[in-house]
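The values are calculated or read from the model by the stated rules, or taken from the named source; none is laboratory data. All figures in this text were calculated on a predicted structure; none of them were measured in a lab. As a convention, Cβ positions derive from the backbone with ideal geometry for all residues, glycine included, and neighbour counts pool all protein chains shown. Remember, those area values only see protein heavy atoms, side chains included, never the ligands or the DNA or RNA. Shrake-Rupley method; radii C 1.70, N 1.55, O 1.52, S 1.80 Å.
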Amino acid sequence: MLRQLALALAFLTPLFAVELQLPTENHHLLTGEPEKFYMYVNRTFEGETTQPWEAGSFGFVRTPIRIGQDVVLKQFHEGVDIQPTKRDKAGNPLDLVMSVSDGTVVHTSPVAGRSNYGKYVVVEHKFEGDCFYSVYAHLAEITAKPGDVVKTGSVLGRMGYTGAGIDRTRAHCHLEMCLLMSEHYDGWSHAYGGGTNFHGNFNGMNLAGMDVGALFLAHEKNPELRLQDFVLATPAYFKVTIPREGTWDFAQRHKWMVKGDISEASPSWELSFSATGLIVGIAPSQRSVAEPVVTAVRNSRVNHRYLTRGLIDGQGNGAALTASGKHLIALLTDDFPAQPATAPGAHPAPEESSEDQ
């Protein structure tokens, strides 16, 4: 009888339930105490100096500016900054940093000066066969190596303050959950980035982060939540229609993002983007376009440039792609000449900054 009950319960368990765990012992995000979870940023704005913990969360949470009657936070923070729970007598953090889920270590960056992220680790997770990537940055030391198969809670390294814009007082673990934009990043870096790409496809510019803090809160509420559905539920800020020419690698890798039949014939694709530039939807379009063009945007009295990290420009219901926006579309669609990896010895390529400068 017990065996039959166990079998029945097994069939009720979702086949693809995702196990997620915060990467350090700091779980205050899940206890309703965000001020104890996020690492603050020192801020001076209009003569007032503050230390807002909100600046350690995801999104447009940094660098306030006044635009007419509005105060806009224009700098994008692509992950969350997690406070340490314990330090030694000198103030160095002692927290271990662990994998948020089962996966494989695909990249480590042990040389702090090669990235704004300092010493960092990237883990690949396969959820329903689809690849997502977690990033753990500003580490003091890395104890994992590429190729290591890790479980939820496996130790990857120790929290530190390597990288740009932080010191021992503000030591933290910067965490991201991302989609890989292109499997040929070296070509894009050669065309648009400049310098040496030390990180292959796992350069921060090639990893598009989702709101990882909101993800953990949503997963805590619904452990059966799929990451795919979380991405698809992210609100779109603007849409870009691009010519449809041949097979598109990103869409093939993430077929769940395509609305309808991916093989449906159409002259173009319409891509939906969040305000931060994360692609959150792909749909066949009957619109004929010769080049990428913004075909929808959320109405705003503030210039869209300030609300989209400079990806689009314009006001109200109108917008156009900026040079940065065009480069984003080029990266996502592999619309750049294929190039071999650049030779070592040049200066590092710039990466998406995770800290106030």
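Please report the net charge: other residues with Cβ closer than 9 Å to the Cβ of Phe132, K and R +1, D and E -1.
Details: positive: Lys126; negative: Glu124, Asp130.
Around Phe132, the surrounding residues sum to -1.
Which value, in Å to one decimal place, does the Kirkwood hydrodynamic radius take for the range 232-299 when every pair of different Cα atoms is included?
12.1
Skipping prolines and chain starts, which residues have an amide H placed within reach, meaning under 5 Å, of the one on Val97, given they are 5 or more residues away or on another chain?
Here the answer is Leu156, Gly157, Arg158, Met159, since their amide H atoms fall under 5 Å of that of Val97.
Give the residue from Phe250, His174, Leu232 lying farthest towards the positive end of the charge dipole for the range 155-271; charges sit on Cβ (+1 for Lys and Arg, -1 for Asp and Glu) and the dipole is referred to the Cα centre.
The residue sitting most towards the positive pole is His174.
How far apart, in nm, are the 7 Å Cα→Cβ label points at Glu54 and Glu35?
Inter-label distance under the simple model: 1.4 nm.
Using modelled amide H (1.01 Å from N, peptide plane; none on Pro or chain starts), what sits under 5 Å from the amide H of Ser285, excluding residues fewer than 5 places away?
Ser268, Trp269, Glu270
What is the sum of charges around Asp70, taking Lys and Arg as +1, Asp and Glu as -1, for the other residues whose C-beta is under 14 Å from the C-beta of Asp70?
Numbers: positive: Arg66, Lys74, Arg301, Arg305; negative: Glu46.
With Lys, Arg at +1 and Asp, Glu at -1, the net is +3.
Ordered by packing density, taken as the mean number of other Cβ atoms within 10 Å over each peptide's residues, highest first, how do 292-301, 107-116 rank?
Packing order, densest peptide first, comes out as 107-116, 292-301.
Under 26 Å between alpha carbons: how many lysine pairs meet that in the range 121-250, if sequence neighbours fewer than 8 apart on the same chain are excluded?
Details: Lys126/Lys145; Lys126/Lys151; Lys126/Lys221; Lys151/Lys221.
Taking the Cα cut-off of 26 Å, the pair count is 4.
Ignoring ligands, DNA and RNA, what accessible area per residue does the chain give at 1.4 Å, in Å²?
Ligands and nucleic acids excluded, the figure is 46 Å² per residue.
Treat each spin label as a single point 7 Å out from the Cα along the C-beta direction, and report the Thr44 to Ala290 distance in nm.
Each label point lies 7 Å from its Cα, and together they span 5.1 nm.
Based on the mean of other beta carbon atoms within 10 Å per residue, what is the order of 78-85, 142-149, 317-324, most packed first?
78-85, 317-324, 142-149
Which whole-number value in Å³ per residue fits the convex hull of the alpha carbons of the range 5-139?
203
Which percent of the accessible heavy-atom area of the range 48-96 goes to carbon and sulfur, probe 1.4 angstrom?
Carbon with sulfur: 52 percent of the solvent-accessible area.
What are the ³J(HN,Hα) values, in whole Hz, obtained from phi via the Karplus relation 6.51 cos²θ - 1.76 cosθ + 1.60 with θ = phi - 60°, for each residue of the range 69-86 in sequence order, with x given for Gly and Pro?
The phi angles translate into 8, 10, 9, 10, 8, 9, 8, 8, 10, 8, x, 10, 9, 9, 5, x, 9, 8 Hz.
Measuring from label point to label point, each 7 Å out along Cα→Cβ, what is the Ala338 to Ile262 span in nm?
It is 2.0 nm.
Could you work out the per residue convex hull volume over the alpha carbons of the chain, in cubic angstrom?
With only Cα atoms used, the chain gives 167 Å³ per residue.
In whole percent, how big is the carbon plus sulfur part of the accessible area of the range 172-238, probe 1.4 Å, protein atoms only?
Carbon and sulfur: 53 percent of the exposed surface of the range 172-238.
Which ³J(HN,Hα) values, rounded to whole Hz and listed in residue order, are derived for the range 184-192 from phi using the Karplus coefficients 6.51, -1.76 and 1.60 in 6.51 cos²θ - 1.76 cosθ + 1.60 with θ = phi - 60°, glycine and proline given as x?
Karplus values, whole Hz, x for Gly and Pro: 9, 4, 4, x, 5, 4, 5, 6, 10.
Strictly greater than 20 Å: what percent of every Cα pair in the range 132-218 meets that?
Taking all Cα-Cα pairs of the range 132-218, the fraction more than 20 Å apart is 48 percent.
For the range 267-281, just list the computed ³J(HN,Hα) in residue order, Karplus coefficients 6.51, -1.76 and 1.60, θ = phi - 60°, integers in Hz, with x standing in for Gly and Pro.
x, 7, 10, 10, 9, 9, 10, 6, 4, 8, x, 7, 6, 10, x
With charges set only on the Cβ (+1 for Lys and Arg, -1 for Asp and Glu), what does the dipole of the range 70-159 come to about its Cα centre, in debye to the nearest 20?
It works out to roughly 440 debye.
Could you report the accessible area of Asp313 in Å², rounded to 10, computed with a 1.4 Å probe on the protein chains as they sit in the structure?
Estimated to the nearest 10 Å², Asp313 gives 60 Å².
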